[in-house]
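The values are calculated or read from the model by the stated rules, or taken from the named source; none is laboratory data. Please read all numbers here as calculations on a predicted model, not as lab measurements. A quick note on method: Cβ atoms are made from the backbone with ideal geometry, for glycine too, and the neighbour counts reach across all protein chains shown.
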Amino acid sequence: MALACSLWPWRNLRVMELSARLRSRAVASLARVVHVPNFLSKDDIALVRRLERAHHNRLGPPPPARRGWHSTYLSAGGLLRAAAPELHRRLGELRYQVDVTPFLPQPQPSSEPLPSAGPLPSASAQQLLSGLEARCVELHEGRAGGSLDDPRHFDNGSVVTVDVMLDDGFTGGALCTLEADGSMLAHDFAAGDALVFPSYKYHSVTRITGGVRRTLVIEYWRGDENRCNHRCELLQPLGSELCDDARTGGCADVVSASLTTPGPLGMGFGFTDAADPTNQERRRSSRVVVVVVVVVVVVVVVVVVTASS
């Protein structure tokens, strides 16, 4: 027990060091991109596409993010978690496959080595990654002319990024990473394959020359599992339901998902848009109905009591 107590400050400091190093793009460039083949089956991909259609049916097609590129947020209202909990869980497990080796503190020569109770890297990596939540789950659809052409793009504020290929019937559109030696490395992955890498590693997508490129992209961060219909920038304590914008009524993109009987798409969920005026009117109507019912009950009770007396 005394040994464990004496080791805690050292281990805690090392984990804090890991967290700081995760924000170093220079260190992230040393990490390899982990390829997970055949992660999604054809049935899994079909489920994701049904979720996309249901999202569009309720909230409308998303506006173009840029030329030839649209993004649908399947994290909106907890949609993916509510409608496909097993897939949501499996996707979450992918974050543990990220290459954290470059972020681990290297042993320093010292005449008085720090105390140790065994291998630190695996324990530190587990601590570092276990507290992460999904910042956003985005389905990207790119067509001819679409690209992410910034070679120094990175996912600011996130820790681990997962890309899953949904449809490989396209040309061009290669995912590339800028490596530590300055070279651009293209990563091939087929439909169903996943790529996992640190969010601060520079990555880009070359111009799509034909066909349709669909990918599912999940960013994990040390913050809320977001429910907004956008890529939220606000960190809140873990466990809070909505971002700050949503709580103050300023977030027009907030939706919530609820389980219902299966509809025509075979999905047992429904949307409620917190900013939809028709829903606000329905809520006002519901409150009026409740008030009327309460008044009627009170009147009935009074009448019964009066009659009995």
| message | Looking at the range 85-104 only, could you name the residues that are over 14 Å from residue 194 (Cβ atoms) and in a helix (DSSP H, G or I)? | response | 85, 86, 88, 89, 101, 102, 103
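Does residue 173 count as over 19 Å from the mean Cα position of the chain (by Cα) and modelled with pLDDT of 95 or more? Walk me through how you get there before you give the answer.
Details: over 19 Å from the mean Cα position of the chain (by Cα): yes; modelled with pLDDT of 95 or more: yes.
Against the criterion (over 19 Å from the mean Cα position of the chain (by Cα) and modelled with pLDDT of 95 or more), residue 173 qualifies.
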| Would the range 156-167 turn up any residue that is assigned by TED's automatic domain parsing to the domain that holds residue 89, touching a Phe, Trp or Tyr at 6+ places or on another chain (Cβ under 7 Å), surrounded by fewer than 21 Cβ atoms within 10 Å (Cβ to Cβ) and modelled with pLDDT under 95? | yes
| Cβ-Cβ under 8 Å pairs, at least 6 apart or on other chains, the range 214-233 side more than 15 Å from residue 199 (Cα to Cα), far side of a type in the set (Ser, Thr, Tyr) and outside any strand (DSSP E or B) | 224/240; 225/75; 226/75; 227/75; 228/75
| task | Read through the list (1) modelled with pLDDT under 95; (2) more than 15 Å from the chain's Cα centre (by Cα); (3) assigned to a strand (DSSP E or B); (4) not hydrophobic (A, V, I, L, M, F, W, C), then give the number of the only condition that residue 150 fails. | result | (3)
| query | Any residue at all in the range 53-76 that is touching a strand residue (DSSP E or B) at 6+ places or on another chain (Cβ under 7 Å), assigned to a strand (DSSP E or B), buried (at least 18 other Cβ atoms within 10 Å of the Cβ) and of a type in the set (Gly, Ala, Ser)? | reply | yes
